[in-house]
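Peer 1: The structure follows.
What follows draws every value from the coordinates through simple rules; no lab data is involved. This is a predicted model, so every value here is computed, not measured. Positions of Cβ are generated from backbone atoms using ideal geometry, with glycine treated the same way; all protein chains shown enter the neighbour counts.
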Amino acid sequence: MTDHQLLAGKKAVYYTLGCKLNFSETSTISQLLCDAGVTTVAEGDEADICVVNTCSVTEVADRKCRQIIHRLVKEHPKAFVVVMGCYAQLKPEVVSKIKGVDVVLGAEQKKDILHYLGDLKKTTHGAHFTSRLQDIRTFSPSCSHGDRTRYFLKVQDGCDYYCTYCTIPMARGRSRNGSIESMVEQARKVAEEGGKEIVITGVNIGDFGKTTRESFYDLVRALDEVEGIERYRISSIEPNLLTDDIIKFVANSKRFMPHFHIPLQSGSDVVLRLMKRRYNRDLFAHKVEVIKELIPHCFIGVDVMVGNRGETPEYFEDAYHFIEGLDVTKLHVFSYSERPGTMALKIPYVVSPDVKHERSERMIRLSDEKTHDFYQKHIGKVLPVLLEHSKSDHVMHGFTPNYIKVEVACNGSFDNVVVPVLLGDFTEDGTALKGTML
């Protein structure tokens, strides 16, 4: 175990790849090191410790992880390098052989990073690694302040679904969670710090409660009662776990925003079965209809994967036209990536990279059209916007309750302040609406 006196005055650099959950966990780890006397390195300075939290959702993510590790080792040649996260869990032997890496921590060990720093002496015989899937058993709490105004509250980890294309169960283990009581306590601390918005994160958050005999519905009800928090957002929830009761609660909630993110992955029932998803497109369409009936102005983000094994041209066209008819706001489009150890590799029909790219571009264009139409319907309305700090002294950005990005001209700082804003026309790049503070 590392002596805290050894760490006092040391400087660390942190690099996070992947999802909001990873960013939340990195923030918690940086706080652990901060409590031990470690400061974050200033730009241009050399660090004593490098912490890389990796992602492995695609082969591109794996490659980017390796590139980042090489870059940090080059920039901080004397630093003690710790690599953790999904890529480290899935490929510990590969990561441990990267020149300059000292420790590779598995999913279960990263919370104990202080135990693995030792005397901070760099290894000369290859990195030590701790990753073993059977070890992933405990839930490590995390509630972090993002780089803007919102906090990320980790309520759940792991997944029991084993979709054919996905390595998450291997990287993060089985579904597990903390208690509602502990989540409420963390939300209260955020309120005490002046935080106004919390994003609820996890791997499969709708599965919350499996280890504590509670439910996600009970969790949102309890969080809604925490005084001081003005906004909650549900980061992503499986359509089969998004109950009508949850939708009704959000529709009448004091603090939960009219904003859902629901993974669809494919609009083809055949492809959904090949993926071993736990719903069909009729169920997904029903969820969208219920949301729009109860919350007409709700922002609905949707994950879509193209080029999955088995996605013939006919199945893609079927999926495209189904999604085209959905009243959703934005598509988060991903191209299928071959992942070692997944069941998808047994599906015989393979989509070429060029066709994947073409399908991705079509879906992105469809997404842009849907987002533009949604924004346009709100021009002329007055909505509360939570403003965030900006690089410009005279321009700030923020989001409406239903997640419309707004650019506001202002004199002075209104960081982390909710203000009424009249929504005007699109900005020059079309990614936001211009707003006027009232």
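Peer 1: In a Gaussian network model over the chain where Cα atoms closer than 10 Å are linked, find which of T124, T16, T28 has the largest mean-square fluctuation.
Peer 2: Between T124, T16, T28, it is T124 that shows the largest mean-square fluctuation.
Peer 1: Quote to one decimal, in nm, the extra length available between A8 and E361 on full extension: 0.36 nm per residue of separation minus the C-alpha distance between them.
Peer 2: So the chain would gain 122.1 nm between A8 and E361.
Peer 1: What's the center-to-center distance, using Cα atoms, between region 186-238 and region 342-358 in Å?
Peer 2: 37
Peer 1: Would you mind getting me the FRET efficiency between D112 and T243? Use the beta-carbon distance for r and R0 = 45 Å, nearest 0.05.
Peer 2: Rounded to the nearest 0.05, the efficiency is 0.80.
Peer 1: Let me ask another. Length gain on complete extension for the stretch D368 to H389, per 0.36 nm per residue less the alpha carbon to alpha carbon distance?
Peer 2: Taking 0.36 nm per residue and subtracting the Cα distance, the gain is 5.0 nm.
Peer 1: Counting pairs of Cα atoms in region 92-235, how many percent are more than 22 Å apart?
Peer 2: That tail contains 50 percent of the Cα-Cα pairs.
Peer 1: Under a cut-off of 23 Å between alpha-carbon atoms, report the lysines in cross-link reach of K78, not counting same-chain residues fewer than 8 places apart.
Peer 2: Hits, sequence-local ones excluded: K10, K11, K64, K97, K99, K110, K121, K122.
Peer 1: So, in nm, how far is label R66 from label Y349 when the simple model puts each one 7 Å beyond its Cα toward the Cβ?
Peer 2: Reported label-point gap for R66 and Y349 is 3.2 nm.
Peer 1: Hey, what's the per residue convex hull volume over the C-alpha atoms of region 4-135, in cubic angstrom?
Peer 2: 99
Peer 1: Take every Cα pair under 8 Å in region 100-243 that's 6+ residues apart, average their separations, divide by the length, and report that relative contact order as a whole percent.
Peer 2: 21
Peer 1: Do any cysteines of the chain lack a neighbour Cys whose Cβ is under 4.7 Å away, and which are they?
Peer 2: So far as the 4.7 Å Cβ criterion goes, C19, C34, C50, C55, C65, C86, C143, C159, C298, C410 stand without a partner in the chain.
Peer 1: Next question. Report, in whole Å, the centroid distance computed from the Cα atoms of region 17-53 and region 267-336.
Peer 2: 36
Peer 1: GNM, the chain, Cα, under 10 Å: largest mean-square fluctuation among S182, S96, S367?
Peer 2: S182
Peer 1: I would also like to ask the following. Expected output is a single nm value to one decimal: the length gained when fully extending between V290 and T436, i.e. 0.36 nm times separation in residues minus the C-alpha distance. What is it?
Peer 2: 49.3 nm
Peer 1: Convex hull volume of the Cα atoms in region 294-374, per residue, in Å³?
Peer 2: Convex hull of Cα atoms, per residue: 101 Å³.
Peer 1: Residue by residue, what Karplus-based ³J(HN,Hα) values in Hz, rounded to whole numbers, does region 151-157 have, using 6.51, -1.76 and 1.60 with θ = phi - 60° and x for Gly and Pro?
Peer 2: 9, 10, 9, 7, 10, 7, 9
Peer 1: Starting at the first residue of region 422-429, write each ³J(HN,Hα) from the Karplus equation 6.51 cos²θ - 1.76 cosθ + 1.60 with θ = phi - 60°, in whole Hz, x for Gly and Pro.
Peer 2: For region 422-429, the Karplus curve yields 7, 7, x, 6, 5, 5, 4, 7 Hz.
Peer 1: Oh, and also: For K370, go through the lysines and keep the ones whose alpha-carbon is under 27 Å away, minus same-chain ones fewer than eight residues off.
Peer 2: K20, K248, K287, K292, K330, K356, K381, K405, K434
Peer 1: If you average 1/r across every pair of different Cα atoms in region 382-437 and take the reciprocal, what Kirkwood value do you get, in Å?
Peer 2: Radius from the Kirkwood sum: 10.8 Å.
Peer 1: Per residue of region 401-414, in order, report the coupling 6.51 cos²θ - 1.76 cosθ + 1.60 (Karplus, θ = phi - 60°) as ³J(HN,Hα) in whole Hz, putting x for Gly and Pro.
Peer 2: x, 8, 6, 8, 6, 10, 10, 10, 7, 7, 10, x, 9, 10
Peer 1: May I ask for the Kirkwood hydrodynamic radius of region 142-376, worked out over all distinct Cα pairs and given in angstroms to one decimal?
Peer 2: 18.7
Peer 1: GluC sites (Glu not before Pro), restricted to region 325-402: which are DSSP loop and have at most 12 other Cβ atoms within 10 Å?
Peer 2: Counting only loop positions with at most 12 other Cβ atoms within 10 Å, the GluC sites (Glu not before Pro) in region 325-402 are E338.
Peer 1: If I build a Gaussian network model for the chain, linking alpha-carbon pairs within less than 10 angstrom, which residue out of D218, D354, D160 has the largest mean-square fluctuation?
Peer 2: Highest fluctuation of the listed residues: D354.
Peer 1: Continuing with this model, one more query. Quick one: if you take sqrt(5λ) for each eigenvalue of the C-alpha gyration tensor of the chain, what semi-axes come out, biggest first, whole angstrom?
Peer 2: They are 34, 29, 22 Å, listed largest first.
Peer 1: If the viscosity is 1.002 mPa s and the temperature 20 °C, what Stokes-Einstein diffusion coefficient in µm²/s follows for region 175-254 when Rh is the Kirkwood radius over Cα pairs?
Peer 2: Rounded to a whole number, D works out at 166 µm²/s.
Peer 1: A follow-up question, please. Please tell me the relative contact order of region 1-142 in percent, rounded to the nearest whole number, where contacts are Cα pairs under 8 Å and at least six residues apart.
Peer 2: Across region 1-142, relative contact order equals 24 percent.
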